[in-house]
Amino acid sequence: MTKRKFLAVVMAVAVMCTVITGCKNGNDNNLAKLTVSEVTHSVFYAPMYVAMHNGYFREKGLEINLVNAGGADKVMTALLTDGADIGFAGPEAVIYVCAQGKEDYPRVFAQLTQCDGSFLVGRQPEEDFDWQNLRGSTILPGRKGGIPYMTLMYCLNNNGMEVGKDVFFDDSIRFNAMTGAFVSGTGDYVTVFEPGATDLEMQGKGYILASIGEEGGRVPYTTYFANEDFIENYPVIVQRFTDAIYKGQQFVAENTARTVAEIIAPSFPDTDMESMTKVIQRYKDIGAYSENGIMTEEDFNRLCDILENAGELSAAVEFEAIVDNSFARKSRQQ
(Lines give C-alpha, C1' and ligand atoms only; values in the text may rest on other atoms or scores of the structure.)
Protein backbone atom coordinates (compact mmCIF):
# COMPACT_ATOMS: atom_id res chain seq x y z
CA MET A 1 0.00 0.00 0.00
CA THR A 2 1.48 3.35 -1.02
CA LYS A 3 1.50 6.35 1.32
CA ARG A 4 -1.32 7.98 -0.65
CA LYS A 5 -3.43 4.82 -0.51
CA PHE A 6 -2.62 4.45 3.19
CA LEU A 7 -4.01 7.92 3.90
CA ALA A 8 -7.02 7.22 1.70
CA VAL A 9 -7.80 4.15 3.78
CA VAL A 10 -7.39 6.22 6.93
CA MET A 11 -9.95 8.78 5.76
CA ALA A 12 -12.37 6.14 4.46
CA VAL A 13 -12.38 4.19 7.68
CA ALA A 14 -12.72 7.43 9.63
CA VAL A 15 -16.26 7.78 8.34
CA MET A 16 -17.17 4.46 9.95
CA CYS A 17 -15.21 4.95 13.15
CA THR A 18 -17.52 4.65 16.14
CA VAL A 19 -15.12 4.14 19.04
CA ILE A 20 -15.52 6.96 21.52
CA THR A 21 -12.40 8.33 23.14
CA GLY A 22 -12.06 7.77 26.89
CA CYS A 23 -12.43 10.54 29.41
CA LYS A 24 -9.10 12.00 30.48
CA ASN A 25 -10.57 13.71 33.52
CA GLY A 26 -11.00 10.51 35.54
CA ASN A 27 -14.04 8.82 37.07
CA ASP A 28 -15.45 8.22 40.51
CA ASN A 29 -12.39 6.15 41.38
CA ASN A 30 -10.10 8.98 40.30
CA LEU A 31 -8.76 6.87 37.44
CA ALA A 32 -8.15 8.59 34.12
CA LYS A 33 -9.64 6.53 31.30
CA LEU A 34 -7.55 5.97 28.19
CA THR A 35 -8.56 4.22 24.99
CA VAL A 36 -5.55 2.49 23.43
CA SER A 37 -5.88 1.18 19.87
CA GLU A 38 -3.57 -1.80 19.32
CA VAL A 39 -2.54 -2.96 15.86
CA THR A 40 -3.22 -6.63 16.71
CA HIS A 41 -3.33 -8.90 19.75
CA SER A 42 -0.11 -10.86 20.25
CA VAL A 43 2.20 -12.31 22.90
CA PHE A 44 4.76 -10.14 21.11
CA TYR A 45 3.40 -7.30 23.24
CA ALA A 46 3.88 -9.11 26.56
CA PRO A 47 5.24 -6.09 28.51
CA MET A 48 2.00 -4.17 27.92
CA TYR A 49 -0.16 -7.06 29.12
CA VAL A 50 2.12 -7.46 32.14
CA ALA A 51 1.52 -3.78 32.94
CA MET A 52 -2.22 -4.40 32.72
CA HIS A 53 -2.40 -7.62 34.76
CA ASN A 54 0.14 -6.55 37.39
CA GLY A 55 -1.85 -3.38 38.00
CA TYR A 56 0.87 -0.97 36.90
CA PHE A 57 -1.60 1.27 35.04
CA ARG A 58 -3.92 1.46 38.04
CA GLU A 59 -0.94 2.28 40.25
CA LYS A 60 -0.41 5.28 38.00
CA GLY A 61 -4.07 6.30 38.19
CA LEU A 62 -5.02 5.00 34.75
CA GLU A 63 -7.78 2.76 33.44
CA ILE A 64 -6.99 1.27 30.03
CA ASN A 65 -9.57 0.34 27.41
CA LEU A 66 -7.62 -1.75 24.89
CA VAL A 67 -9.19 -2.01 21.42
CA ASN A 68 -7.86 -4.35 18.73
CA ALA A 69 -7.92 -2.29 15.52
CA GLY A 70 -6.64 -5.03 13.21
CA GLY A 71 -4.08 -2.97 11.28
CA ALA A 72 -1.82 0.09 11.55
CA ASP A 73 -3.97 2.09 9.15
CA LYS A 74 -7.02 1.55 11.36
CA VAL A 75 -5.02 2.49 14.46
CA MET A 76 -4.11 5.78 12.80
CA THR A 77 -7.72 6.32 11.76
CA ALA A 78 -8.88 5.91 15.35
CA LEU A 79 -6.25 8.37 16.54
CA LEU A 80 -6.89 11.05 13.92
CA THR A 81 -10.66 10.93 14.49
CA ASP A 82 -10.43 11.00 18.29
CA GLY A 83 -11.55 7.38 18.43
CA ALA A 84 -8.50 6.61 20.58
CA ASP A 85 -6.19 8.53 22.87
CA ILE A 86 -3.07 6.48 22.20
CA GLY A 87 -2.11 4.48 19.13
CA PHE A 88 -0.04 1.32 19.37
CA ALA A 89 1.47 0.23 16.06
CA GLY A 90 4.56 0.54 13.92
CA PRO A 91 5.98 4.08 13.68
CA GLU A 92 5.70 3.89 9.91
CA ALA A 93 2.08 4.96 10.39
CA VAL A 94 3.32 8.23 11.89
CA ILE A 95 6.05 8.59 9.27
CA TYR A 96 3.52 8.33 6.44
CA VAL A 97 1.32 11.07 7.92
CA CYS A 98 4.29 13.32 8.62
CA ALA A 99 5.68 12.82 5.11
CA GLN A 100 2.39 14.10 3.66
CA GLY A 101 2.94 17.46 5.33
CA LYS A 102 0.19 17.29 7.94
CA GLU A 103 1.03 19.86 10.63
CA ASP A 104 -0.68 18.28 13.64
CA TYR A 105 0.59 14.73 13.16
CA PRO A 106 1.10 12.23 16.02
CA ARG A 107 4.39 11.85 17.88
CA VAL A 108 5.98 8.61 19.10
CA PHE A 109 6.66 8.77 22.84
CA ALA A 110 7.62 5.17 23.72
CA GLN A 111 8.79 1.97 22.04
CA LEU A 112 7.75 -1.55 23.07
CA THR A 113 9.45 -3.91 20.59
CA GLN A 114 12.71 -3.52 18.72
CA CYS A 115 12.61 -6.02 15.88
CA ASP A 116 10.10 -7.74 13.62
CA GLY A 117 8.07 -10.22 15.64
CA SER A 118 6.99 -12.49 12.81
CA PHE A 119 8.41 -15.88 11.88
CA LEU A 120 8.70 -17.55 8.50
CA VAL A 121 6.62 -20.74 8.49
CA GLY A 122 6.89 -23.43 5.81
CA ARG A 123 5.01 -26.58 5.00
CA GLN A 124 7.98 -28.89 5.61
CA PRO A 125 10.73 -28.88 8.26
CA GLU A 126 14.06 -27.56 6.97
CA GLU A 127 16.77 -28.26 9.54
CA ASP A 128 19.43 -26.35 7.63
CA PHE A 129 17.18 -23.57 6.38
CA ASP A 130 18.79 -21.20 3.91
CA TRP A 131 17.08 -18.11 2.55
CA GLN A 132 18.02 -19.28 -0.95
CA ASN A 133 15.52 -22.10 -0.46
CA LEU A 134 12.79 -19.52 -1.04
CA ARG A 135 13.66 -18.98 -4.69
CA GLY A 136 10.67 -19.62 -6.93
CA SER A 137 8.25 -19.85 -4.00
CA THR A 138 5.12 -17.86 -3.12
CA ILE A 139 4.96 -16.23 0.32
CA LEU A 140 2.01 -14.72 2.17
CA PRO A 141 3.69 -11.53 3.52
CA GLY A 142 0.86 -9.40 4.96
CA ARG A 143 -0.40 -5.99 3.88
CA LYS A 144 1.66 -4.15 1.28
CA GLY A 145 3.13 -1.09 2.97
CA GLY A 146 3.10 -2.75 6.38
CA ILE A 147 6.32 -3.32 8.28
CA PRO A 148 6.06 -7.17 8.24
CA TYR A 149 5.78 -7.03 4.44
CA MET A 150 8.64 -4.56 4.04
CA THR A 151 10.98 -6.22 6.54
CA LEU A 152 10.54 -9.53 4.74
CA MET A 153 11.32 -7.81 1.44
CA TYR A 154 14.39 -6.24 3.07
CA CYS A 155 15.58 -9.68 4.23
CA LEU A 156 15.09 -11.17 0.78
CA ASN A 157 16.91 -8.29 -0.93
CA ASN A 158 19.81 -8.66 1.50
CA ASN A 159 19.99 -12.30 0.44
CA GLY A 160 20.15 -11.41 -3.24
CA MET A 161 16.51 -12.05 -4.15
CA GLU A 162 14.05 -9.72 -5.83
CA VAL A 163 10.32 -9.91 -5.14
CA GLY A 164 8.41 -10.58 -8.34
CA LYS A 165 11.45 -12.15 -10.00
CA ASP A 166 13.12 -14.63 -7.65
CA VAL A 167 10.32 -14.98 -5.13
CA PHE A 168 6.65 -14.02 -5.24
CA PHE A 169 4.35 -12.29 -2.73
CA ASP A 170 0.62 -12.95 -2.49
CA ASP A 171 -0.57 -9.87 -0.60
CA SER A 172 -4.24 -10.31 -1.54
CA ILE A 173 -5.05 -11.87 1.83
CA ARG A 174 -5.69 -9.65 4.84
CA PHE A 175 -3.41 -9.98 7.84
CA ASN A 176 -5.86 -11.77 10.16
CA ALA A 177 -6.71 -14.36 7.50
CA MET A 178 -3.20 -15.34 6.38
CA THR A 179 -2.76 -18.32 8.71
CA GLY A 180 -6.09 -19.83 7.71
CA ALA A 181 -5.30 -19.32 4.03
CA PHE A 182 -1.93 -21.03 4.44
CA VAL A 183 -3.47 -24.00 6.24
CA SER A 184 -6.02 -24.24 3.42
CA GLY A 185 -3.23 -24.56 0.88
CA THR A 186 -2.48 -21.01 -0.29
CA GLY A 187 1.21 -20.17 -0.73
CA ASP A 188 4.38 -22.08 0.05
CA TYR A 189 5.38 -19.99 3.08
CA VAL A 190 3.70 -17.51 5.40
CA THR A 191 4.90 -14.98 7.97
CA VAL A 192 3.12 -15.42 11.30
CA PHE A 193 3.23 -13.68 14.67
CA GLU A 194 3.17 -15.60 17.90
CA PRO A 195 1.42 -17.48 19.32
CA GLY A 196 0.12 -18.34 15.83
CA ALA A 197 3.45 -19.68 14.55
CA THR A 198 3.94 -22.02 17.51
CA ASP A 199 0.31 -23.14 17.33
CA LEU A 200 0.79 -24.12 13.68
CA GLU A 201 3.91 -26.07 14.54
CA MET A 202 2.32 -27.89 17.49
CA GLN A 203 -0.64 -28.84 15.29
CA GLY A 204 1.71 -30.18 12.60
CA LYS A 205 0.35 -27.71 10.06
CA GLY A 206 3.54 -25.72 9.59
CA TYR A 207 7.16 -25.40 10.69
CA ILE A 208 9.00 -22.34 11.98
CA LEU A 209 12.06 -21.87 9.79
CA ALA A 210 13.43 -18.41 10.57
CA SER A 211 12.90 -15.25 12.60
CA ILE A 212 12.25 -12.24 10.36
CA GLY A 213 13.33 -9.97 13.19
CA GLU A 214 16.63 -11.74 13.73
CA GLU A 215 17.41 -11.59 10.01
CA GLY A 216 16.20 -8.01 9.51
CA GLY A 217 18.00 -6.46 12.48
CA ARG A 218 16.91 -3.99 15.11
CA VAL A 219 14.17 -1.54 14.18
CA PRO A 220 11.60 0.41 16.22
CA TYR A 221 8.90 -2.11 15.36
CA THR A 222 5.99 -1.34 17.66
CA THR A 223 5.53 2.01 19.38
CA TYR A 224 3.09 4.21 21.28
CA PHE A 225 2.07 7.52 19.77
CA ALA A 226 -0.48 10.24 20.36
CA ASN A 227 -1.61 13.42 18.66
CA GLU A 228 0.56 16.44 19.37
CA ASP A 229 -2.26 18.32 21.10
CA PHE A 230 -2.98 15.33 23.37
CA ILE A 231 0.66 15.18 24.46
CA GLU A 232 0.71 18.95 25.07
CA ASN A 233 -2.59 18.94 26.98
CA TYR A 234 -2.03 15.78 29.04
CA PRO A 235 1.74 15.37 29.58
CA VAL A 236 1.24 13.97 33.09
CA ILE A 237 -1.02 11.22 31.78
CA VAL A 238 1.39 10.39 28.94
CA GLN A 239 4.18 10.17 31.52
CA ARG A 240 2.15 7.91 33.80
CA PHE A 241 1.29 5.65 30.86
CA THR A 242 4.96 5.46 29.86
CA ASP A 243 5.96 4.72 33.47
CA ALA A 244 3.54 1.77 33.57
CA ILE A 245 4.86 0.39 30.29
CA TYR A 246 8.43 0.76 31.57
CA LYS A 247 7.58 -1.30 34.67
CA GLY A 248 6.14 -3.98 32.38
CA GLN A 249 9.29 -3.95 30.28
CA GLN A 250 11.49 -4.32 33.35
CA PHE A 251 9.37 -7.19 34.65
CA VAL A 252 9.72 -9.09 31.36
CA ALA A 253 13.48 -8.45 31.30
CA GLU A 254 14.02 -9.61 34.87
CA ASN A 255 11.73 -12.65 35.01
CA THR A 256 11.57 -16.04 33.31
CA ALA A 257 9.40 -16.69 30.30
CA ARG A 258 7.25 -19.00 32.44
CA THR A 259 6.61 -16.29 35.01
CA VAL A 260 5.68 -13.77 32.31
CA ALA A 261 3.38 -16.35 30.67
CA GLU A 262 1.54 -16.92 33.94
CA ILE A 263 0.95 -13.18 34.34
CA ILE A 264 -0.39 -12.51 30.83
CA ALA A 265 -2.35 -15.78 30.46
CA PRO A 266 -5.75 -14.06 30.98
CA SER A 267 -5.15 -12.08 27.79
CA PHE A 268 -4.65 -15.32 25.83
CA PRO A 269 -7.23 -17.81 27.13
CA ASP A 270 -6.94 -20.01 24.02
CA THR A 271 -3.16 -20.49 24.32
CA ASP A 272 -1.84 -23.17 26.67
CA MET A 273 0.92 -22.39 29.14
CA GLU A 274 3.53 -24.53 27.38
CA SER A 275 3.04 -22.69 24.10
CA MET A 276 2.95 -19.31 25.80
CA THR A 277 6.22 -19.97 27.63
CA LYS A 278 7.90 -21.18 24.46
CA VAL A 279 6.73 -18.10 22.55
CA ILE A 280 7.94 -15.62 25.15
CA GLN A 281 11.31 -17.36 25.42
CA ARG A 282 11.68 -17.23 21.66
CA TYR A 283 11.06 -13.48 21.69
CA LYS A 284 13.46 -12.99 24.60
CA ASP A 285 16.11 -14.98 22.74
CA ILE A 286 16.01 -12.66 19.71
CA GLY A 287 15.95 -9.53 21.86
CA ALA A 288 12.50 -8.51 20.66
CA TYR A 289 11.46 -6.57 23.76
CA SER A 290 12.74 -3.06 24.38
CA GLU A 291 13.76 -2.71 28.02
CA ASN A 292 13.50 1.06 28.34
CA GLY A 293 11.08 2.41 25.73
CA ILE A 294 13.68 4.68 24.14
CA MET A 295 14.00 4.72 20.35
CA THR A 296 17.50 5.25 18.97
CA GLU A 297 18.18 7.31 15.89
CA GLU A 298 20.22 4.44 14.43
CA ASP A 299 17.24 2.07 14.63
CA PHE A 300 14.95 4.76 13.23
CA ASN A 301 17.26 5.22 10.26
CA ARG A 302 17.26 1.47 9.61
CA LEU A 303 13.47 1.56 9.56
CA CYS A 304 13.59 4.40 7.03
CA ASP A 305 15.99 2.31 4.92
CA ILE A 306 13.42 -0.52 4.96
CA LEU A 307 10.66 1.88 3.90
CA GLU A 308 12.79 3.33 1.11
CA ASN A 309 13.83 -0.15 -0.03
CA ALA A 310 10.14 -1.00 -0.44
CA GLY A 311 9.45 2.21 -2.34
CA GLU A 312 7.17 3.55 0.40
CA LEU A 313 9.23 6.58 1.45
CA SER A 314 10.50 9.07 -1.11
CA ALA A 315 11.15 12.08 1.14
CA ALA A 316 13.42 12.14 4.17
CA VAL A 317 11.76 12.34 7.58
CA GLU A 318 13.79 13.65 10.52
CA PHE A 319 14.08 11.60 13.69
CA GLU A 320 13.35 14.65 15.89
CA ALA A 321 10.16 15.36 13.96
CA ILE A 322 8.70 11.96 14.79
CA VAL A 323 10.10 10.91 18.15
CA ASP A 324 9.88 12.40 21.64
CA ASN A 325 12.03 10.29 23.97
CA SER A 326 11.62 12.62 26.96
CA PHE A 327 8.88 10.52 28.58
CA ALA A 328 10.78 7.23 28.24
CA ARG A 329 13.98 8.83 29.57
CA LYS A 330 12.13 10.17 32.61
CA SER A 331 10.63 6.73 33.27
CA ARG A 332 14.10 5.20 33.31
CA GLN A 333 15.35 7.81 35.79
CA GLN A 334 12.68 7.07 38.39
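Below is a table of values for the structure above.
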{"quantity": "Pair list, Cβ under 8 Å, 6 or more apart: the stretch 97-109 residue touching a residue at least 24 places away in the same chain (Cβ under 8 Å) and among the small types (Gly, Ala, Ser), other residue surrounded by 12 or more Cβ atoms within 10 Å (Cβ to Cβ) and part of a loop (DSSP other than H, G, I, E, B)", "calculated": "ALA99/LEU313; ALA99/VAL317"}
{"quantity": "Pairs, first more than 18 Å from MET150 (Cα to Cα) in the stretch 115-135, second of a type in the set (Asp, Glu) and surrounded by 11 or more Cβ atoms within 10 Å (Cβ to Cβ), C-beta under 9 Å, six or more apart", "calculated": "GLY122/ASP188; ARG123/ASP188; ASN133/GLU126"}
{"quantity": "Condition broken by ILE173, with the remaining ones in (1) assigned to a loop (DSSP other than H, G, I, E, B); (2) in the same structural domain as ASP243 (by TED's automatic domain parsing) satisfied", "calculated": "(2)"}
{"quantity": "Qualifying positions in the stretch 288-304 - charged (D, E, K, R) and either buried (at least 20 other Cβ atoms within 10 Å of the Cβ) or part of a helix (DSSP H, G or I) (or both)", "calculated": "GLU297, GLU298, ASP299, ARG302"}
{"quantity": "Selected residue (criterion: farthest from ILE147 (Cα to Cα)) from residues of the stretch 290-312 that are among the small types (Gly, Ala, Ser) and touching a helix residue (DSSP H, G or I) at 6+ places or on another chain (Cβ under 7 Å)", "calculated": "GLY293"}
{"quantity": "Hits in the stretch 65-102 (condition: surrounded by fewer than 22 Cβ atoms within 10 Å (Cβ to Cβ) and part of a strand (DSSP E or B))", "calculated": "ASN65, LEU66, VAL67, ASN68"}
{"quantity": "Only one of VAL19, VAL10 that is in contact with a helix residue (DSSP H, G or I) (Cβ under 9 Å, 6 or more places away or on another chain), modelled with pLDDT under 50, over 30 Å from GLU274 (Cβ atoms) and assigned to a helix (DSSP H, G or I)", "calculated": "VAL10"}
{"quantity": "Breaking point among (1) within 22 Å of the chain's Cα centre (by Cα); (2) surrounded by fewer than 16 Cβ atoms within 10 Å (Cβ to Cβ), for PRO220", "calculated": "(2)"}
{"quantity": "Residue tally, condition surrounded by 14 or more Cβ atoms within 10 Å (Cβ to Cβ) and either in a helix (DSSP H, G or I) or modelled with pLDDT of 95 or more (or both), over the stretch 270-287", "calculated": "10"}
{"quantity": "Residue match in the stretch 251-272 (condition: under 24 Å from VAL94 (Cβ atoms) and either touching a strand residue (DSSP E or B) at 6+ places or on another chain (Cβ under 6 Å) or basic (Lys, Arg) (or both))", "calculated": "no"}
{"quantity": "Unique match (being farther than 29 Å from GLU312 by Cβ and either without any contact (Cβ under 8 Å) to a residue 40 or more places away in the chain or touching a Pro at 6+ places or on another chain (Cβ under 9 Å) (or both)) among GLN239, GLN203", "calculated": "GLN203"}
{"quantity": "Qualifying residue in the stretch 95-106 (condition: within 17 Å of the chain's Cα centre (by Cα) and modelled with pLDDT under 90)", "calculated": "yes"}
{"quantity": "Residue list for the stretch 272-303, restricted to those being within 23 Å of CYS155 (Cβ to Cβ) and in contact with a Leu (Cβ under 8 Å, 6 or more places away or on another chain)", "calculated": "TYR289, SER290"}
{"quantity": "Members of the stretch 212-236 found to be at pLDDT 95 or above and touching a Pro at 6+ places or on another chain (Cβ under 7 Å), listed by number", "calculated": "THR223, PHE225, ALA226"}
{"quantity": "Residue match in the stretch 53-74 (condition: touching a residue at least 60 places away in the same chain (Cβ under 8 Å) and acidic (Asp, Glu))", "calculated": "yes"}
{"quantity": "Residues (assigned to a strand (DSSP E or B) and not small (Gly, Ala, Ser)) located in the stretch 115-142", "calculated": "PHE119, LEU120, VAL121, THR138, ILE139, LEU140"}
{"quantity": "Selection from the stretch 45-81 of residues that are within 17 Å of VAL108 (Cα to Cα), modelled with pLDDT under 95 and touching a strand residue (DSSP E or B) at 6+ places or on another chain (Cβ under 7 Å)", "calculated": "ALA72, VAL75, MET76, ALA78, LEU79"}
{"quantity": "Output for the stretch 176-186, where each listed residue is surrounded by fewer than 22 Cβ atoms within 10 Å (Cβ to Cβ) and either not assigned by TED's automatic domain parsing to the domain that holds ASN133 or not hydroxyl-bearing (Ser, Thr, Tyr) (or both)", "calculated": "ASN176, ALA177, GLY180, ALA181, VAL183, GLY185"}
{"quantity": "Enumerated helices (runs of 4 or more DSSP H) restricted to the stretch 185-269, each holding at least 1 residues that are under 25 Å from ALA321 (Cβ atoms)", "calculated": "212-216, 228-233, 235-254"}
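The values are calculated or read from the model by the stated rules, or taken from the named source; none is laboratory data. Computed from a predicted structure; not experimentally measured. Note that we place each Cβ from the backbone using ideal geometry, even for glycine, and neighbour counts take in every protein chain shown.
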